[in-house]
Structure formats: structure tokens, C-alpha cells
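Encoded as C-alpha cells, the structure appears first; notes follow it.
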Amino acid sequence: MAGALTPAAWYIQAQRFRRLYRQRVLEALQDVDVLIAPATPVTAPRLDQTMMTVAGAEIPVRANLGIFTQPISFIGLPVVAAPLQNPGGMPIAVQLIARPFEEQAVLRAAHWLEREGICTAPAA
């Protein structure tokens, strides 16, 4: 319903921005197979946690935990979130990003990180 209430001009502007942003990210991927970026701004929050501190500011967990993954999902690129080892702490992850239709590149990179012991996903 909320989408039906969005003015057409806003929708058109968002699609223009999406196209421009996608072009810029694809330019960054021209000379590399995979980009690595943070997946979340903080380690995993507790289930009952509603606020988190990022750069000294208190912000809602639910609306902001995907702040680094949403821009990539927005433009539809293949991504793998790979959990980093964090002995004694809560898990955190990086995202591996590739060009369109290059899913094998992010899967290969994630496999290499796991094989090298950098990323791991232990059973709960």
C-alpha cells in the first residue's frame, strides 16, 4: 500500500539514481573479480537488542543492521556474506561482491577465505 502512495516522480527519480549508482559500482568492479566490504556496522546484536552504537551515535538495530548490504542488494549484484572468526565475541561478517552473473567469483572467494581459516561458520 505504501508503494501505491509514492508519487510517480519520486519513483522515477529513485530508478534514475539506481541506474547511476549501479553504473558506478560496475566501474569499480571493472578491474577486479571481487570487492570485499563490511556486511554490518557492528557485531551481531542480541535478539532483544533494539539500539546499537555506530560512530558514537545510538541508532535502531532493525532499521540499520543492513546499512552496508542494502546498497548492493538495491542494484542486484551477487553477494556472499562470509562470517569472520571472532574468538570469544559475537560474530561479524564481510560481504563479497561481484559483477552481474559472476556468482562463481564470490563463491570461490568465500571458499578460499574459509579454507584459509579467515572465515568460518561453526555449527550453532
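Taken together, the values in this text are just the output of simple stated rules run on the coordinates, not laboratory data. Note that the structure is a prediction, hence the values are computed from the model and not measured. Here the Cβ positions follow ideal geometry from the backbone for every residue, glycine too, while neighbour counts run over all protein chains shown.
Data for the structure
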quantity	calculated
Criterion (of a type in the set (A, V, I, L, M, F, W, C), surrounded by 11 or more Cβ atoms within 10 Å (Cβ to Cβ) and over 19 Å from the mean Cα position of the chain (by Cα)) met by exactly one of Ala14, Ala81	Ala14
Selection count, the range 70-107, where residues are touching a residue at least 24 places away in the same chain (Cβ under 8 Å), more than 13 Å from Val25 (Cβ to Cβ) and not in a loop (DSSP other than H, G, I, E, B)	13
Residue that is surrounded by the most Cβ atoms within 10 Å (Cβ to Cβ), among those in the range 33-63 that are among the small types (Gly, Ala, Ser) and assigned to a loop (DSSP other than H, G, I, E, B)	Ala39
Residue satisfying condition, being over 27 Å from Ala121 (Cα atoms), free of Cβ contacts under 8 Å to residues at least 60 places away in the same chain, assigned to a loop (DSSP other than H, G, I, E, B) and out of contact with any His (no Cβ under 9 Å at 6 or more places or on another chain), within set Gln30, Gln13	Gln30
